[in-house]
Amino acid sequence: MSSKLSVASVRGSIRELLADANGEKKRNFVETIELQIGLKNYDPQRDKRFSGTVKLPNVPRPRMSICILADAADIDRAKQIELEYMSVDDLKKLNKNKKLVKKLAKKYDAFLASDALVRQIPRLLGPGLSKAGKFPTPVTHGEDLGDKLNRGINFLVSLLKKNWQNVKSLHVKTTMGKPVRLF
C-alpha cells in the first residue's frame, strides 16, 4: 500500500508546526505533538475496532526514571544525554535472578532497549519485566519525527477497511497550538 502523503509535505508541516510552537508564549510544561484523524464512512459501532502504538520522540512525563538496555552505540548516546544504562554484560550478571529483576523493574518507570537487544531480553532476564508491565520499547538509530509520523499514519490507514478512502482529514498539532492540515 502506498502513502498519499509525501515525505516533503509532512516535514514541511512539522517545520511550520514547530516554528509556530516556538513563536508562541512560553509554556510551563512540555508540549506534545498530536495527530488528529477524521474518518469517513466508518461506523465504530459496526466496523472492527483497532488499536496500536507508535512511539514518538516526546517526554511522557517529567522526572520519569528511564533505564536504557543498550548496545555499544546506544551506550554512547545514553552517556551524552546522561541517562542510566545497562550493557549486555550487566544484564548477564542478573542471570535471570527473579529478585534482582523485580528490584530492577521497581527502580525504573520505563525501559528502552536497542533494536538488536530486544529479542535477547527474555533470554537474559526471564519474564520479570513483562510481568511488571515494563517490557522495553525498542530504540532505533537515527529516526526523526517526520518518519515516525508517516509510519504512524500508514499504520493506521492499513488498519482501515478501505484504506485511504476512509480518511477524511489528517491534522498535526502541538498541545496548545493550531492544527496544521496534512490531508
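Derivation of every value follows stated rules applied to the coordinates shown; laboratory data play no part. Remember, predicted model here, so these are calculated numbers, not experimental data. Every residue, glycine as well, gets a Cβ built from its backbone with ideal geometry; the counts of neighbours run over all protein chains shown.
What the table below lists for this structure:
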item: Restricting region 68-107 to residues that are assigned to a strand (DSSP E or B) and touching an Asp or Glu at 6+ places or on another chain (Cβ under 9 Å), the residue that is surrounded by the fewest Cβ atoms within 10 Å (Cβ to Cβ); result: Tyr85
item: Pairs where the first residue, in region 149-176, is under 17 Å from Asp47 (Cα atoms) and the second is among the aromatic types (Phe, Trp, Tyr) and in a helix (DSSP H, G or I), C-beta under 8 Å, 6+ apart; result: Val157/Trp164
item: Residue match in region 165-183 (condition: of a type in the set (Phe, Trp, Tyr) and either surrounded by fewer than 14 Cβ atoms within 10 Å (Cβ to Cβ) or within 14 Å of the chain's Cα centre (by Cα) (or both)); result: no
item: Residue check, Arg123 more than 26 Å from Lys40 (Cα to Cα) and part of a helix (DSSP H, G or I); result: yes
